[in-house]
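The values are calculated or read from the model by the stated rules, or taken from the named source; none is laboratory data. Since this is a predicted model, take the numbers as computed values, not measurements. Note: ideal-geometry Cβ built from the backbone for every residue, glycine included; neighbour counts use all protein chains shown. These area figures cover heavy atoms from the full protein model, side chains too; ligands, DNA and RNA do not enter into them. Shrake-Rupley method; radii C 1.70, N 1.55, O 1.52, S 1.80 Å.
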Amino acid sequence: MNQVLPALVLSTSLIPALVIFFIKDTQQHLRTFVNLAGAVTKVALVIVMMDGVARGVLYETRLTLLPGLDLLLRVDALSLLFLSLSAFLWLLTTIYAISYFGRGRHLSRFFGFFSLCVAATTGVSLAGTLITFFIFYELLTLSTWPLVAHRGDAASIAAGRRYLGYTLVGSAVLLLGLVWLESLSGPVEFTFTGQVAEVDPGALQVIFWLLIVGLGVKTALVPLHGWLPAAMVAPAPVSALLHAVAVVKAGAFGIVRVIYDVYGTALLHDLGLGIPLAMLAAFTIIFGSVRALQQTDIKRRLAYSTVSQVSYIVLGASMFGPFATVGGLAHLVHQGLMKITMFFAAGALAERLRVHDVDQLDGVGWVMPWTVGAFSVAALGMIGLPPMAGFISKWYLGVGAFQGGQAWVVLVLVGSSLLNAMYFLPLLYRAWFVPRVGTTAPGLERPLGLVAPAVVSASLVLLVGLLAATPYSPLAWAALIVERTYAL
Amino acid sequence: MPGAVELALLHFPWPAMTVLVPLAAGVLAVLLGVRAVHLGLPVALLGVVMAIISAAQVVVHGVTDHAVGGWNAPLGIRLHVDGLSGAMLIMTAVVAGAVSWYSRSQFRAASGAETRAGFAFWPLLFFLWASMNAVFIGADFFNLYVALELLTLSGVALVALEGRRENLVAAMRYLTFALLGSLAFLLGAVLLYASYATLDMQLLRSAAVADQVTVAAAALMTTGLLAKTALFPLHGWLAPAHAGAPAPASALLSALVVKASFFIIVRLWFDVLPVAATSELTWLLGMFGSIAIILGSLFALRQNRLKMVVAYSTVAQLGYLFLMFPLAGGGGEEQPWAATAWTGGIFHVLAHAPAKAAMFLAAGVVVQAVGHDRLDGLIGIAHALPLTVFAFALASVSIMGLPPSGGFTAKYLLLTSALAGGAWWLAAVMLAGGVLAAAYLFRVLSLTLVETEGAHPLAPVSRGPQVIALLLAVTSLLLGLLSALPYDFLQLGRGGAAAEGLA
């Protein structure tokens with residue numbers, strides 16, 4: 001069973017994807033059933049495996065591609081961190097998307113590619129070799145494109161083109177780094193030992209930056225972030241997928257893998273690569289926040305906020321200390337929960353009230369209290385207000401920075417929190433304290449599927465912060481990963 | 001102890017049947033006229049089975065040599081089947097089989113009257129299939145020459161099939177290139193015969209020395225074959241010929257026919273005359289290949305007709321094949337990555353075939369539905385023809401060299417040997433080629449997603465042909481996921497030069 005589970009958990013998204021493509025657009029009940037069945041099964045399997053991995057069980061599925069080159073799906077603590085996030089958010093996003101689209105056009109195509117994206121994300125999280133990671137990473141690129149271009153109008157097609165332009169050039173760079181590394185060291189499996197230590201240091205340095213640039217496109221590291229704000233024209237569930245469930249996370253997760261499981265922190269430290277990467281991440285954090293401040297379109301503001309927030313993960317990983325790592329890894333989950341809440345809410349506001357711009361927000365809090373309430377909780381979390389999720393990540397990152405003797409990082413964290421407050425608090429102020437002009441019919445927060453997911457994820461933003469000390473919280477899980485990594 | 005029947009079956013010259021079955025089918029098709037359409041499915045199945053049995057024989061026996069009629073070289077016709085031949089036989093069978101299946105609903109005149117296309121297509125398809133297989137299992141250059149001529153003539157006739165003015169011009173151009181190519185090949189072969197008094201590959205290999213005549217002969221033969229493979233700068237005939245033919249014929253020409261002459265180049269350099277390889281020569285081939293990749297892709301990017309895009313994509317994709325020559329070395333230097341380069345090149349041949357066939361067959365469906373293949377006709381068809389667009393998209397994945405696909409496996413192997421051997425500019429060309437391929441293919445795919453008001457109504461298309469295109473595309477992906485199997489198979493009987501580098 002331990003050899004089958006990884007493949008099985010992949011198939012809980014892959015099979016629904018393939019089936020949904022062949023369901024007629026009009027058979028929406030069948031489609032919903034297949035989709036939810038896959039998502040629920042997946043969450044169940046993830047829970048089973050979390051229990052197993054906590055007890056030290058190893059789950060592996062292996063297929064030989066070429067002699068020595070394996071397609072390897074392996075469940076370790078780090079893969080489960082990402083997998084559990086994407087599995088749970090997939091379920092939420094599916095429920096949301098079903099209500100969001102109602103009886104729209106081309107929905108079988110949409111949900112098919114959506115499930116395919118999640119299957120690719122599952123592969124990314126379970127990848128046990130560099131080549132496996134690349135295979136699913138590219139599958140993610142390709143299956144996301146039809147979603148970005150889904151609406152088929154000129155703006156969507158242009159956004160899709162931009163997305164591909166960035167990601168496919170990025171993948172060529174990533175492939176160059178990957179093949180160069182493997183041509184020197186042989187196929188690379190993700191382990192905690194220095195399998196690339198024998199390689200010439202000069203080459204290792206160049207290869208590291210090739211890998212980071214290749215992965216940095218999806219992570220939206222500045223200056224490789226241009227596709228993300230452009231992709232805002234896509235429907236709200238796609239934004240949730242891009243910003244929280246899959247795409248930017250896959251990039252950040254890849255950087256974490258490269259740092260811990262390909263190079264290893266000791267080697268990177270010797271090569272002197274940590275501080276430059278931390279500085280790049282810090283610059284991205286500040287730059288993204290400043291750009292977010294300049295946006296008046298809500299979704300664009302959220303997009304630049306993502307540019308900034310995702311780099312916390314990279315920042316945490318590039319400081320090589322246990323506390324910073326815990327903070328970065330926990331933020332992988334925390335940022336996902338917070339950002340998806342905001343996109344759910346922004347999508348509901350756009351659908352129900354046609355609110356797209358910051359200055360249209362006046363008084364909406366009293367019209368759609370649940371939605372805006374959820375948004376507010378997530379925004380406060382992003383700013384880093386205790387006891388919410390974002391506070392926990394920032395706290396650990398800050399402690400880690402002091403530990404590693406990088407006090408300047410704390411300044412970045414403080415500056416970013418101030419900027420977060422500057423671009424989120426005015427939104428909350430308008431929504432709750434500025435009276436709304438004109439009257440609006442009551443009963444806007446329907447259907448339930450459009451509102452409940454945001455409320456659920458917002459509650460989690462609170463809970464994972466409040467209960468951070470309990471086992472199986474994202475923080476505790478991140479600590480488990482770090483324990484295992486540094487013990488070896 | 002195996003029984004007598006079993007022994008006989010094991011040693012039966014099955015590879016010869018891969019030539020005889022389609023040859024007989026071709027003759028029968030001439031006799032049957034338009035009713036030859038009924039041969040499509042049975043011959044497709046039989047052909048696939050023959051190819052699989054021949055390949056299985058290689059797995060069981062290792063490399064097999066058959067002396068047809070019991071006459072040995074230099075007098076008789078000798079057949080030589082190794083892993084490479086077996087893989088090519090199966091590739092040909094898969095594509096040609098799929099095309100026969102697809103074509104059953106094509107070329108059917110509304111009135112039921114005999115049309116030239118309906119009459120001529122089937123014999124040409126079967127002759128083409130037979131001559132492809134003859135090339136792959138032939139063991140001397142004279143037989144290869146004969147097979148290649150039959151192949152060229154079938155190919156030229158297929159280009160001319162629709163009989164419009166531009167088809168005839170394209171066919172004439174193809175014929176000119178091909179005949180000049182044949183002439184050069186024949187001249188080279190004559191030079192070899194004059195020096196060594198044989199054209200048998202095995203005998204040549206053991207006798208060959210790298211003197212001027214041998215090098216000149218090899219260069220002449222290669223030039224001739226390059227004209228037929230349409231490698232830059234001899235690519236001018238390919239696009240109008242491949243794009244102008246009816247879709248099933250385009251699939252055969254682009255996926256298969258150009259590979260036959262390439263196969264002979266591989267045989268010539270890796271199995272027969274590795275001694276004649278110099279690094280200047282291999283780098284020249286690599287340089288032409290690189291230019292083909294970049295230039296072909298740029299041309300594809302500028303086309304306004306779907307089939308022209310796909311045809312120029314072939315020009316670019318053929319370029320990748322020639323990168324294996326510089327990567328496999330030459331000029332006596334040690335080349336530990338030769339095996340990787342060689343296998344990568346052959347993988348590219350194998351992966352390109354089903355993907356490109358899927359693209360042309362999908363394009364055929366589009367032409368049927370829209371009435372033409374101008375790119376503006378593709379606007380918004382993803383909703384009406386999801387299977388076809390999906391087939392084209394999946395095939396594109398392999399052509400772009402993205403995972404998981406056979407095209408990716410090929411690119412991974414070629415890139416590995418390029419980077420390990422320090423051939424930076426070849427690596428750069430391969431990566432740039434991938435990005436350019438994405439550019440010209442997504443330019444097409446983007447159009448299919450565009451939403452428009454009042455779209456032009458499409459003619460109805462049956463599901464069968466669309467499914468066949470999709471299956472071919474899936475094949476090209478499976479080749480990547482299950483690449484361990486063909487990889488091991490290709491190593492059976494691989495020549496020393498393919499393992500250790502040229503010369």
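Among the residues of segment A:277-297, are any in contact with an Asp or Glu (Cβ under 9 Å, 6 or more places away or on another chain) and open to solvent by 10 Å² or more (accessible area, probe 1.4 Å)?
Scanning segment A:277-297 turns up at least one residue that is in contact with an Asp or Glu (Cβ under 9 Å, 6 or more places away or on another chain) and open to solvent by 10 Å² or more (accessible area, probe 1.4 Å).
Scan (1) away from chain B (no Cβ under 14 Å); (2) under 26 Å from residue B:409 (Cβ atoms); (3) part of a helix (DSSP H, G or I); (4) under 22 Å from the mean Cα position of the chain (by Cα) for the single condition residue A:74 breaks and write down its number.
(3)
Working carefully through the options A:33, A:82, find the one that is open to solvent by 70 Å² or more (accessible area, probe 1.4 Å), of a type in the set (Phe, Trp, Tyr) and away from chain B (no Cβ under 14 Å).
A:33
Yes/no per residue for (1) away from every other protein chain (no Cβ under 11 Å); (2) out of contact with any Phe, Trp or Tyr (no Cβ under 6 Å at 6 or more places or on another chain); (3) closer than 29 Å to residue A:301 by Cβ:
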| position | (1), (2), (3) |
| --- | --- |
| A:157 | no, yes, yes |
| A:171 | no, yes, yes |
| A:200 | yes, yes, no |
| A:209 | yes, yes, no |
| A:217 | yes, no, yes |
| A:224 | yes, yes, yes |
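Consider residue A:124 carefully, then state whether it is at pLDDT 95 or above and either of a type in the set (Asp, Glu) or surrounded by 24 or more Cβ atoms within 10 Å (Cβ to Cβ) (or both).
Against the criterion (at pLDDT 95 or above and either of a type in the set (Asp, Glu) or surrounded by 24 or more Cβ atoms within 10 Å (Cβ to Cβ) (or both)), residue A:124 qualifies.
Taking residue A:69, is it modelled with pLDDT under 95, within 14 Å of chain B (Cβ to nearest Cβ) and surrounded by 18 or more Cβ atoms within 10 Å (Cβ to Cβ)?
Yes, satisfied.
Residues checked against (1) more than 22 Å from the chain's Cα centre (by Cα); (2) at the interface with chain A (Cβ under 9 Å from one of its Cβ atoms); (3) open to solvent by 10 Å² or more (accessible area, probe 1.4 Å); (4) modelled with pLDDT of 90 or more:
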position	(1), (2), (3), (4)
B:383	yes, yes, yes, no
B:389	yes, no, yes, yes
B:395	no, no, no, yes
B:414	no, no, no, yes
B:418	yes, yes, no, yes
B:432	yes, yes, yes, yes
B:452	yes, yes, yes, no
B:459	yes, no, yes, no
B:474	no, no, yes, yes
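How about segment A:100-111: which of its residues are crowded, with 20+ Cβ neighbours inside 10 Å and either without any contact (Cβ under 8 Å) to a residue 12 or more places away in the chain or away from chain B (no Cβ under 14 Å) (or both)?
Within segment A:100-111, A:100 is the sole residue that qualifies.
Quick grid of which residues meet (1) open to solvent by 10 Å² or more (accessible area, probe 1.4 Å); (2) within 14 Å of chain A (Cβ to nearest Cβ); (3) not polar (S, T, N, Q):
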{"site": "B:298", "(1), (2), (3)": "yes, no, yes"}
{"site": "B:303", "(1), (2), (3)": "yes, no, no"}
{"site": "B:313", "(1), (2), (3)": "no, no, no"}
{"site": "B:316", "(1), (2), (3)": "no, no, yes"}
{"site": "B:339", "(1), (2), (3)": "yes, yes, yes"}
{"site": "B:347", "(1), (2), (3)": "no, yes, yes"}
{"site": "B:372", "(1), (2), (3)": "yes, no, yes"}
{"site": "B:386", "(1), (2), (3)": "yes, yes, yes"}
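If you go through segment A:12-23 one residue at a time, do you hit one that is surrounded by fewer than 20 Cβ atoms within 10 Å (Cβ to Cβ) and of a type in the set (Gly, Ala, Ser)?
No, there is no match, as no residue in segment A:12-23 is surrounded by fewer than 20 Cβ atoms within 10 Å (Cβ to Cβ) and of a type in the set (Gly, Ala, Ser).
Within segment A:51-71, count every residue that is part of a strand (DSSP E or B), out of contact with any strand residue (DSSP E or B) (no Cβ under 8 Å at 6 or more places or on another chain) and closer than 25 Å to residue A:483 by Cβ.
Looking only at that region, the number is 0.
Out of the residues in segment A:116-140 that are in contact (Cβ under 8 Å) with a residue 40 or more places away in the chain and at the interface with another protein chain (Cβ under 8 Å from one of its Cβ atoms), state the one that is farthest from residue A:225 (Cα to Cα).
Across segment A:116-140, the extreme among qualifying residues is A:131.
Please enumerate the residues belonging to segment B:383-414 that are closer than 28 Å to residue B:490 by Cβ and without any contact (Cβ under 8 Å) to a residue 40 or more places away in the chain.
Correct list: B:401, B:402.
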